[in-house]
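The values are calculated or read from the model by the stated rules, or taken from the named source; none is laboratory data. Keep in mind it's a predicted model, so treat the numbers as computed, not measured. No Cβ is skipped: glycine too gets one built from the backbone with ideal geometry, and neighbour counts run over all protein chains shown.
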Ligand SMILES: NC(=O)c1ccc[n+]([C@@H]2O[C@H](COP(=O)([O-])OP(=O)(O)OC[C@H]3O[C@@H](n4cnc5c(N)ncnc54)[C@H](OP(=O)(O)O)[C@@H]3O)[C@@H](O)[C@H]2O)c1
């Protein structure tokens with residue numbers, strides 16, 4: 001898959017990492033970039049094509065796939081982080097995280113998979129997180145949803161291989177966007193993450209690891225939960 005010359009659609013393309021993806025795609029020579037947003041009036045990037053899309057609204061998802069029949073690169077970026085610990089969190093909040101990261105993203109992918117097939121295969125990038133691999137108690141719902149999205153991404157990679165669609169995952173820790181505004185920790189520049197992710201797509205990477213914390217946690221997976229969660233070590 002080559003980003004240069006592709007026709008891309010980015011969900012949540014109006015701000016944060018999605019906005020940086022839209023800019024990076026245009027800079028990398030994408031021939032057309034659909035910036036999908038719940039409110040398309042909030043898309044500000046010159047040269048992008050705003051398109052209305054709430055990924056949790058199945059009718060809107062179907063309409064988007066009809067309005068963008070030439071897509072060759074789908075970037076599933078839209079996401080929320082609403083909090084919600086496992087035991088004491090609001091069950092509705094827990095469900096909402098899954099509605100967005102799991103069911104909404106899956107719905108978009110199902111709608112666009114035939115579009116990609118008709119256009120020669122193309123590629124999908126799912127924006128995941130270091131928290132696909134590590135749980136943080138205060139935002140356990142988000143972590144669980146990102147873990148589920150990782151599992152689905154791996155299934156999709158196998159299922160879509162037959163139609164020639166490349167499936168990549170982006171894993172990253174805190175980025176400097178609204179989502180992490182309240183976090184007091186080092187954050188990466190989302191513009192740099194978007195640029196790196198597009199390079200990863202060009203290279204055909206299955207997983208694009210965008211920062212050191214994601215690399216460390218991935219490396220720790222084989223060492224077991226005692227290493228991933230030092231507070232458990234006896
Ligand atoms: N920021 C981080 O530290 C971090 C770290 C790892 C991974 N990520 C992931 O990176 C992706 C982008 O996050 P971000 O940091 O750019 O967050 P952000 O600044 O809060 O932006 C979130 C974007 O997702 C859109 N969105 C949320 N729910 C949607 C829905 N139902 N339908 C369509 N669009 C929806 C938002 O649209 P509205 O403007 O309409 O709300 C907004 O455009 C997410 O998947 C997130 O989980 C973020």
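Identify, please: which residue in the range 82-95 is within 16 Å of the ligand (Cβ to nearest atom) and surrounded by fewer than 18 Cβ atoms within 10 Å (Cβ to Cβ) and is, among those, farthest from the chain's Cα centre (by Cα)? So, considering only residues that are within 16 Å of the ligand (Cβ to nearest atom) and surrounded by fewer than 18 Cβ atoms within 10 Å (Cβ to Cβ), the one farthest from the chain's Cα centre (by Cα) is 92.
Return yes when residue 6 is in contact with a strand residue (DSSP E or B) (Cβ under 7 Å, 6 or more places away or on another chain), in contact (Cβ under 8 Å) with a residue 60 or more places away in the chain and farther than 20 Å from residue 189 by Cβ and no when it is not. Here the answer is yes, as residue 6 does meet what is asked. Among helices (runs of 4 or more DSSP H) entirely within the range 1-110, having at least 3 residues that are more than 24 Å from residue 151 (Cβ to Cβ) and modelled with pLDDT of 95 or more singles out 16-27, 58-67. If you check residue 123 against the conditions, is it away from the ligand (no atom under 16 Å from the Cβ), over 18 Å from residue 143 (Cβ atoms) and out of contact with any strand residue (DSSP E or B) (no Cβ under 9 Å at 6 or more places or on another chain)? So residue 123 does not fit the description; no. Selection of the range 160-191 for residues being in contact with a strand residue (DSSP E or B) (Cβ under 9 Å, 6 or more places away or on another chain) and more than 13 Å from the ligand (Cβ to nearest atom) yields 160, 161, 165, 166, 167, 168.
Quick grid of which residues meet (1) crowded, with 20+ Cβ neighbours inside 10 Å; (2) farther than 24 Å from residue 118 by Cα; (3) more than 9 Å from the ligand (Cβ to nearest atom):
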{"site": "2", "(1), (2), (3)": "no, no, yes"}
{"site": "8", "(1), (2), (3)": "yes, no, yes"}
{"site": "15", "(1), (2), (3)": "no, yes, no"}
{"site": "34", "(1), (2), (3)": "yes, no, yes"}
{"site": "42", "(1), (2), (3)": "no, yes, no"}
{"site": "53", "(1), (2), (3)": "yes, no, no"}
{"site": "59", "(1), (2), (3)": "no, no, yes"}
{"site": "72", "(1), (2), (3)": "yes, no, yes"}
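Entry remark, the range 24-35: residues being under 16 Å from residue 195 (Cβ atoms) and in contact with a strand residue (DSSP E or B) (Cβ under 9 Å, 6 or more places away or on another chain) number 4 in total.
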